[in-house]
1. Hey, what do the phi angles of the stretch 17-23 turn into as Karplus ³J(HN,Hα) couplings, whole Hz, using 6.51/-1.76/1.60 and θ = phi - 60°, x for Gly and Pro?
2. May I ask you to derive the FRET efficiency for residue 74 and residue 28 from their Cβ-Cβ distance with R0 = 22 Å, giving the value to the nearest 0.05?
3. Can you give me the distance in nm between label points at residue 140 and residue 113, each placed 7 Å from the Cα along the Cα-to-Cβ direction?
4. Charges on Cβ only, +1 for Lys and Arg, -1 for Asp and Glu, centred on the Cα centroid of the chain; of 64, 100, 85, which one is farthest towards the dipole's positive end?
5. Which aspartates and glutamates, if any, have their Cα less than 18 Å from the Cα of residue 77, not counting same-chain residues under 8 positions apart?
6. Placing unit charges on C-beta atoms (Lys and Arg positive, Asp and Glu negative, everything else neutral), compute the dipole magnitude of the chain about its Cα centre in debye, rounded to 20.
7. Using mean Cβ contacts within 10 Å as the protection proxy, how do 17-27, 65-75, 98-108 order, highest first?
8. What residues of the stretch 73-109 lie in the reach of a label at residue 49, counting those whose backbone N is under 17 Å from a point 7 Å from the Cα along Cα→Cβ?
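Nothing in this text is a laboratory measurement; each read-out follows from the coordinates by a stated rule. From a predicted model like this one, the values you see are computed outputs, not experimental measurements. Cβ: placed from backbone, ideal geometry, glycine included. Neighbour counts: every protein chain shown.
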Amino acid sequence: MKIAVNNCFGGFGLSMKAYKRYLELKGKQAYFYKEVSYTPMKYTRIDDIDAEDDKKDWRSFVCTTTDLGKVIHDYPKDSVYLRDYEIRADPDLIKAIEEVGLKESSTPLSEIRIADVPDDVEWEIDDYDGIETIREKHRRW
C-alpha cells in the first residue's frame, strides 16, 4: 500500500496543482481562495493557477469544492483538508501526486514522498515538527 507523507520540517502540504488533480480524480471541481487580509478576514478567489504563485502563496490559500464567489469574509467551512492521516493512503491522492510529480506536489515547507508499506501492516503516521514517519501500530498504555 502506498502512503503519502512529508519528509522535511514544516508539515504535510500540497500544491494547488496537486489539490486540483486530486479533486479531478474524485469528480469534483477545485476552487482556491487566497487570504488577503486577516483582520478583517478576507479571501479572494484565485482563477488562474500560475506555477510561480502556486509555490509562493502555498500557505495563504484554501481549497473548496464550492464556488463561494469572488470574495469571502470568513474561513470556508467546506475547505478540503488533506492532513488527516486516513486520506494519505487514498489511491486517488497517490495517483494525483505521482501524476503531478513529487517536487511539483510539494510546497516550500513540505517535501512529499510516497512510502510503500506491506498491505497486511496496520500503520500510523508519527510526526516530529512536520517530519512524518510511518510506523507499525502497537498497543499503548
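1. Listing the rounded values in order: 4, 5, 4, 4, 5, 4, 5 Hz.
2. Once the sixth-power term is evaluated, E becomes 0.55.
3. 2.2 nm
4. Towards the positive end, the residue furthest out is 64.
5. Reachable aspartates and glutamates: 35, 67.
6. 340 debye
7. With the highest mean Cβ count within 10 Å placed first, the list reads 17-27, 98-108, 65-75.
8. Answer for the stretch 73-109: 79-83, 92-109.
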